[in-house]
Amino acid sequence: MGILVNKNTRLLVQGITGNEGLFHTTHMVAYGTNVVAGVTPGKGGEWVLEGKVPVFDSVKLAAEATGANASVIFVPARFAADAMFEAADAGIPLIVCITEGVPVQDMMRVRNYLDQKGVRLVGPNCPGLLTPGEAKVGIIPGNIAIPGNVGVVSRSGTLTYEVLYAMKLLNMGASTCVGIGGDPVNGTNFLDVLEMFEHDPKTEKVIMIGEIGGTDEEKAAEYISAKMTKLVASFIAGQTAPPGKRMGHAGAIIEGGAGTAADKIKALEAAGVRVAKHPEEIPTLLK
Amino acid sequence: MKLHEYQSKQIFSKYSVPIPKGRVAATASEARQIAEELGGRVVIKSQVLVGGRGKAGGIKLAKDPNEAEQLATQILAMEIKGLPVRKVLVDEAAAIEQEIYLGITNDRAARKPVMMASAAGGVDIEEVAVTTPEKIIKAHIDPLLGLRDYQSRDIAASIDLSRDYWRDFGKIAKGLWEAYKASDATLAEINPLVITKDKRLVALDGKMLIDDNALFRHPDLVEMRDTDEEAPSETEARKYGLSFIKLDGNIGCMVNGAGLAMTSMDVIKLFGGEPANFLDIGGGASADKVAAAMRIILEDSNVKAVLYNIFGGITRCDEVAKGILAAMEEVKPKVPMVVRLVGTNALEGRALLANANMITAETLADAAQKAVAVAKGA
C-alpha cells in the first residue's frame with residue numbers, strides 16, 4: 001500500500017494542457033497511475049492523451065464527474081495559490097503542488113487556509129510522490145525505483161532520485177517516496193511523513209534527506225527519538241553552503257546562524273539516526 | 001532582493017509611516033544642495049546593502065551644508081565590507097528622545113508573519129536578540145486576516161510605550177504591515193523608530209528584503225535592484241535562469257537540481273577540495289544552457305577543474321552528454337572536465353564523453369576525488 005498514494009488513487013491534473021502538465025501526465029499514465037481528469041480553465045470538454053483523459057473547466061466539475069480524490073498541480077507559479085485554494089474548496093483531500101517559485105506570502109495564506117479545512121498538501125516546489133508499482137503523482141522518474149520496504153522522504157528532487165537509484169542498484173526497494181519540497185513554507189513536513197511511515201505496515205526502514213534552512217530536521221529528530229521504532233538513515237545537504245545565501249531552493253538558507261547542516265546532523269545523530277557522509281552511502285547504512 | 005534604506009523608507013512613507021525629510025545624492029555637491037534645501041543639521045548616510053554602516057563610519061552628522069559636502073566626499077570614497085559607497089542619503093537630523101525597534105519577518109516554523117518590537121532599539125538589535133531575547137516582543141499575524149488593531153496596542157503596551165503614542169504607533173505598525181504585504185517582503189524593519197524631543201514618532205532607518213519569487217508581480221521593485229552590489233557572474237547567471245552563487249574554491253560545479261548541487265559541493269569538500277561555486281542548471285540540459293553555465297564558471301580564473309554531476313531521470317543521459325559536447329565545442333574550455341552521469345542511459349552518455357577526452361566517473365565520490373586530484377595537479 002505505502003502512504004498517501006496507491007492503486008486506489010483517482011488523480012486529477014491541474015494545468016493538464018500546459019507543456020509540463022501534459023508531458024508528465026503522459027509519464028504518470030504510462031506508469032499505471034489512474035489519471036481520471038484534467039483541469040484547464042477555458043478548455044473544458046476537450047480530451048487529452050488520445051481521448052483517454054477528459055478536461056474540465058474547474059476542479060469542482062472534474063471532481064463531481066470523476067470522483068477524483070487527489071490533485072497534482074502543474075500551473076505556473078503566479079496561478080499556483082489559486083489552484084490550491086480551488087482544489088481545497090472543491091473538497092479534494094490530497095493536493096500535490098509541483099510548481100516551483102510560489103511567493104512565500106501566497107504559501108502562508110494557502111497553508112493557513114488548508115489547515116483550517118483539514119486538507120493535506122504536499123509541496124510546492126517538490127517532485128511529488130511515488131509508490132513504486134502502484135502510482136506516480138508528480139515528476140519522479142518511474143524507472144529509477146523498485147517496490148520495497150524503505151520509506152523515503154526528502155526536501156530535494158534530483159538528490160532523491162540519486163538515492164532511489166542507489167537503492168535500486170543494491171536491489172533495495174521503496175514503499176513510498178515523498179518529496180516534500182524545498183520551500184520555506186510548504187504543506188506536509190518531515191514530521192508528518194515520519195508519523196505516516198511509522199504507522200505504515202509496508203514500511204520497515206526510513207531514509208530522510210534534509211538540507212540547510214529552518215528547523216524541520218530538528219523537529220523530526222525529536223519525534224524519532226521519542227516515538228519512532230523503525231530504523232532511520234539520513235543525509236543533510238549544504239555543509240559547505242555559505243550563510244545568508246539561498247542555495248537554489250527558496251528554503252535552503254542559513255539565517256541568523258540558524259538552520260546549519262552541522263546543527264541538524266548533531267540533532268539527528270543524538271536521536272540515533274545514522275547520518276551518511278555522502279548520498280551514495282545512505283542505503284548501505286540500512287543494511 | 002535587498003532594498004536600500006532610501007528605497008525602503010520611500011515605500012514605508014507610501015503607507016503613512018512618517019520618515020525624515022531628505023533625498024539621495026550620488027555626488028558631494030548634490031549632498032550640499034540637499035542640505036541647503038533642508039536647512040539646519042543633516043545626517044549623511046551611506047547607501048550600501050550591508051549592516052553595520054554606522055560602526056564602519058558610514059553615517060555622519062553635519063551641522064551645515066559645508067560640512068555636509070565635506071562628509072559626503074569622505075563617505076562616497078569609502079568601501080564598507082568590500083562594497084563601494086555610490087550613494088548617500090541626506091536626511092534632516094532628528095532630536096531623539098527614545099529609540100524603538102519595529103519589524104516584520106516570516107516565521108517559517110509558525111508559517112505566519114511575525115511582528116517584533118523592542119524598547120531597546122538602535123544599532124544592536126541582533127545582539128539584543130541573542131543576549132536578552134525577552135526584550136523583544138513578538139506577535140504572529142494571521143496571513144488571512146492581517147494585523148489586528150488590538151495586536152498593535154498590545155505591542156505598544158508590552159514595550160512600555162506611553163499611552164500618548166499608542167494611536168500613532170498603531171498607524172505605523174499597520175502601515176509597516178501593509179507595506180510588507182503589498183511588496184511581498186520577507187523582512188520590513190524600522191530600526192530605529194524614534195520618539196523625537198518634540199514628541200513625534202519617525203522611522204529614521206528602514207530595511208526591506210523582497211521575495212524573489214514574487215518579483216513577477218512587482219515590476220516597480222525590480223527596477224530598484226542594485227546590480228552594482230552583487231558578483232557580475234550572479235547577474236549574468238540570472239539572465240539565463242541559472243541559479244548560481246560564487247564561492248572561493250577552485251573546482252567549478254555544474255549540477256542539475258539544487259539539493260544535488262549543494263551535495264556535490266559537500267562531497268568535493270569531503271575529499272579535500274574547495275568548490276568554486278554553486279550552480280543548478282535545472283531540468284534537462286540543453287546545449288545553450290550548458291554553454292552559458294560553462295562560460296560563467298570559467299570566467300573565474302581560480303577555477304582549475306570543473307565537475308559535472310548530472311542525474312538523468314526523464315531527460316536521458318545520452319541527451320545530456322550531447323548537450324555538454326555541443327557546449328564544449330562552443331566554449332572550448334582549457335581546464336580539465338570531470339563528468340559523472342548517472343541514471344537513464346548513463347552508459348551511452350559516458351561513452352560519448354569519454355570519446356571526447358573528458359574524465360568520466362561512475363559515483364559522486366569517485367568524481368569528486370578525480371576533480372580534486374586534477375585541480376591540484378593543474
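The values are calculated or read from the model by the stated rules, or taken from the named source; none is laboratory data. Nothing here was measured: the structure is a model prediction, and the numbers come from that model. Positions of Cβ are generated from backbone atoms using ideal geometry, with glycine treated the same way; all protein chains shown enter the neighbour counts.
Can you find a residue in the stretch A:72-86 that is away from chain B (no Cβ under 14 Å), part of a loop (DSSP other than H, G, I, E, B) and modelled with pLDDT of 95 or more? No, because not a single residue in the stretch A:72-86 is away from chain B (no Cβ under 14 Å), part of a loop (DSSP other than H, G, I, E, B) and modelled with pLDDT of 95 or more.
Name the strands (runs of 3 or more DSSP E) wholly inside the stretch B:154-255 in which the number of residues that are under 19 Å from the mean Cα position of the chain (by Cα) and closer than 24 Å to A:V185 by Cα is 3 or more. Fully inside the stretch B:154-255 and qualifying: B:185-196, B:207-210, B:243-246. Going residue by residue through the stretch B:280-289, is there one that turns out to be in contact (Cβ under 8 Å) with a residue 40 or more places away in the chain, closer than 23 Å to A:A241 by Cβ and surrounded by 23 or more Cβ atoms within 10 Å (Cβ to Cβ)? No, there is no match, as no residue in the stretch B:280-289 is in contact (Cβ under 8 Å) with a residue 40 or more places away in the chain, closer than 23 Å to A:A241 by Cβ and surrounded by 23 or more Cβ atoms within 10 Å (Cβ to Cβ). Might you let me know whether the stretch B:353-376 holds any residue that is modelled with pLDDT under 90, within 33 Å of the chain's Cα centre (by Cα) and closer than 19 Å to A:I144 by Cβ? Checked the stretch B:353-376: no residue is modelled with pLDDT under 90, within 33 Å of the chain's Cα centre (by Cα) and closer than 19 Å to A:I144 by Cβ. Once the stretch A:222-245 is narrowed to residues that are hydroxyl-bearing (S, T, Y) and over 20 Å from the mean Cα position of the chain (by Cα), the residue that is farthest from A:C177 (Cα to Cα) is A:T240. What do you reckon, is B:A62 without any contact (Cβ under 8 Å) to a residue 40 or more places away in the chain and more than 14 Å from every other protein chain (Cβ to nearest Cβ)? Yes. Does the stretch B:294-308 include one or more residues that are within 14 Å of chain A (Cβ to nearest Cβ) and closer than 29 Å to A:I209 by Cβ? Among the residues of the stretch B:294-308, at least one is within 14 Å of chain A (Cβ to nearest Cβ) and closer than 29 Å to A:I209 by Cβ, which makes the answer yes.
Of everything in the stretch A:227-275 that is in contact with a Leu (Cβ under 9 Å, 6 or more places away or on another chain) and of a type in the set (S, T, Y), the residue that is farthest from A:Q105 (Cα to Cα) is A:S234.
Restricting the stretch B:138-154 to residues that are touching a strand residue (DSSP E or B) at 6+ places or on another chain (Cβ under 7 Å) and hydrophobic (A, V, I, L, M, F, W, C) leaves a set whose member that is farthest from the other protein chains (Cβ to nearest Cβ) is B:A139. Looking across the stretch B:257-300, the residues that are assigned to a loop (DSSP other than H, G, I, E, B), over 19 Å from B:G343 (Cβ atoms) and within 24 Å of the chain's Cα centre (by Cα) come down to B:E274, B:A276, B:E299, B:D300. Within the stretch B:323-348, the set of residues being among the small types (G, A, S) and either part of a loop (DSSP other than H, G, I, E, B) or within 14 Å of chain A (Cβ to nearest Cβ) (or both) comprises B:G343, B:A346.
Count of the stretch A:128-149 residues, restricted to those that are under 25 Å from A:T215 (Cβ atoms) and more than 13 Å from every other protein chain (Cβ to nearest Cβ), is 1. So if I check each of B:R167, B:R111, which one is more than 14 Å from chain A (Cβ to nearest Cβ) and among the charged types (D, E, K, R)? Testing whether each residue is more than 14 Å from chain A (Cβ to nearest Cβ) and among the charged types (D, E, K, R) leaves just B:R167. If you scan the stretch B:223-238, which residues turn out to be farther than 24 Å from A:G238 by Cα and touching a residue at least 40 places away in the same chain (Cβ under 8 Å)? The answer is B:M224, B:R225, B:D226, B:D228, B:E229. The set of residues from the stretch B:43-100 being assigned to a helix (DSSP H, G or I) and surrounded by fewer than 19 Cβ atoms within 10 Å (Cβ to Cβ) comprises B:N66, B:E67, B:Q70, B:T73, B:Q74.
Any idea which residue in the stretch A:263-283 is surrounded by the most Cβ atoms within 10 Å (Cβ to Cβ), counting only those that are within 12 Å of chain B (Cβ to nearest Cβ) and at pLDDT below 95? Among those residues, the one meeting the criterion is A:P279. The numbered conditions (1) within 14 Å of chain A (Cβ to nearest Cβ); (2) in contact (Cβ under 8 Å) with a residue 40 or more places away in the chain; (3) farther than 20 Å from B:I155 by Cβ are all true for B:A188 except (3).
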